[in-house]
Amino acid sequence: MSDVTSRQLAALDDARPNRFQLKIMFVSGMGFFTDAYDLFIIGVVVSLLKTQWHLSTDQVSLLNSATLVASAVGAIVFGRVADMVGRKKIYGYEVLVLAAGALASAFAPTYALLLVFRIVLGIGIGGDYPVSATIMSEYSGKASRGRMVGLVFAMQGAGLVFGPMLASTLLASGLSSNLIWRLLLAFGAIPGLAVFYLRRQIQETPRFAMAGGVVEEAEAAIALATGQVPAPVPTRESSVRITGGAVSGVRVLFSSRRMMRWLFGTAVGWMLLDFAYYGNSISSPAVLKLLSPNASLLQNTLLQLGIFALFALPGYALAVLLMDRLGRKTIQLFGFGMMALAFLLIAAVPSVAHTAGPFVLLYGMSYLFSEFGPNTTTFVFPAEVFPVQVRTTGHGISAAAGKLGAFAGAYLFPQMLASSMGIRGAELVAGVVSIVGLIVTAVCLPEPKGRSLEDLTELALEGAAPQLVAA
């Protein structure tokens, strides 16, 4: 790397968050507001459709989880393409796929078509993960990178709260159930469509442009990201391609033992977290129904809203505030440990599963420490630890593993809840999974706090064959 390039990237690393970076955070974060809303509102929708369409437990499980499998596909495809042709060229199109799936779902006349449209939605959701995370990471300074990427993901908290709020309002309105579930699904298209234009205006990240030799574009982007007088930004799309093809570039991720260990840590850690987190979250109406069998759907939705507002939102806030102070690894270890404690206490103490106060406290604690823990950090880690030429690829693989874990959790939790295992058995499984997540984090992941992306790349590629790194 030349002295000029090093100085330019050093200026970016030393930059404080400014108006331009906050704009990127908001535009990227609105995708995660939508993602959270679309993924978690299905629990309420399924509660309405189960009676209306006479759905079996298997059909409920599949409808809960199909979007998550599709999001794994979207994460891998969009993640790889963004490393091949650039972040800017595809940014925004994933939310069009998402919006199309949401709108089509709202008008689905049959279970089969609803399932298909939710799969389309999932592809768009998955595509948003690697591109949004990487764009924010590559535009951030090293002292605030964790906070900025964390803020993108923390917009999920707003979606978590808004979903039950809207559902409660509609359930209390007296509208027909058939109209309510369609309105709930249709709303998921609005936030994504609202930010499509803004996403298309974000120029290529300076690090991707620099790595591809497009110096003029990189300098203009650095000028914006560091709060200098805006430099002229090329109107044409960047023509750079960092890697040769869909498969050859992936080999970089396996070019050193250290990077393979990191990839295992980011992917498996995310998978374990999402199994417990999505299993509980998507099935929360069913979980709360078992706790209070005589409560109405509206009452349980309001309870769900209270848990999200009182426990999940503070967790996101703590993660964002402390990410660059305590470090990602410390927060992830602590979060997994506290999640395991909450789940295992629910499983171990028989009276908890049948007593509202203690159950809500422990169930809420699991949300607090998943947000102030691995639910946020698993999103941040892969946006930092992989080299620029495979950064969205590595993030996409990690996110895909997470969504496969989420699929397993969302599919199996209704089965466990409906079986003799009940709440206690399901939370016992979630507790054991959380312990394994803690071990994987401790053994496999580094601490990116305070390091530049270039330092992390150099560390990741130690011992790699030069021809693979240049691929």
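Here are some notes:
- Summing charges over neighbours of Ser71, with a neighbour being any other residue whose Cβ is under 14 Å away from its Cβ, gives -3 when K and R count +1 and D and E count -1.
- Sequence-separation-based contact order of the chain, relative, with Cα cut under 8 Å and 6+ spacing, percent: 26
- Backbone phi angles across the stretch 83-88, fed through the Karplus curve with coefficients 6.51, -1.76 and 1.60 (θ = phi - 60°), yield HN-Hα couplings of 7, 8, 10, x, 6, 4 Hz in residue order; Gly and Pro are listed as x.
- Selection from Asn280, Phe372, Gly126, by position along the positive dipole direction of the stretch 3-469 (Cβ): Asn280
- About the Cα centre, charge dipole magnitude for the chain (Lys/Arg +1, Asp/Glu -1 at Cβ), debye: 180
- Peptides 261-268, 54-61, 66-73 ranked from most to least packed give 66-73, 261-268, 54-61, packing being the mean of other C-beta atoms within 10 angstrom over each peptide's residues.
- Once you reduce the stretch 410-457 and the stretch 191-230 to the center of their Cα atoms, the two points are 34 Å from each other.
- Using alpha-carbon coordinates, inclination of helix 356-371 to the longest axis of the chain, degrees: 10
- Taking a straight line from the alpha carbon of Lys89, these aspartates and glutamates sit under 20 Å away, with near neighbours fewer than eight places off in the same chain left out: Asp128, Glu138, Glu204, Glu216, Glu217, Glu219, Glu237.
- In plain terms, the chain from Asn178 to Asn18 could stretch by 53.0 nm, reckoned as 0.36 nm per residue minus the Cα-Cα distance.
- Sorted on the mean count of surrounding Cβ atoms within 10 Å across their residues, most packed first, peptides 396-407, 191-202, 112-123 read 396-407, 112-123, 191-202.
- 10 Å Cβ shell holding at most 16 others, DSSP loop, GluC sites (Glu not before Pro): longest site-free stretch of the chain: 1-236
- Listed residues Val73, Ala348, Leu333: farthest to the positive end of the dipole of the chain (Cβ charges): Ala348
- For the chain, convex hull of alpha carbons as volume per residue, Å³: 125
- Excluding same-chain neighbours fewer than eight residues apart, the lysines reachable from Lys50 by a Cα-Cα span under 18 Å are Lys289.
- Rounded to 10°, Cα long-axis angle of helix 145-171 versus longest principal axis of the chain: 30
- Of Phe20, Phe78, Phe254, the sequence from fewest to most neighbouring Cβ atoms within 10 angstrom is Phe254, Phe20, Phe78.
- Computing FRET efficiency as 1/(1 + (r/R0)^6) for Ala10 and Ala112, where r is the C-beta to C-beta distance and R0 is 56 Å, gives about 0.50.
- With Cα atoms, 0 to 90° folded angle of helix 111-139 axis to the chain main axis: 40
- Only aspartates and glutamates eight or more places from Lys142 in sequence, or on another chain, were considered; those with a Cα closer than 12 Å are Asp13, Asp14, Asp324, Glu384, Glu454, Asp455.
Every number here is computed from the coordinates shown, using simple stated rules; none is lab data. Note that the structure is a prediction, hence the values are computed from the model and not measured. Cβ atoms come from the backbone with ideal geometry, glycine included; neighbour counts cover every protein chain shown.
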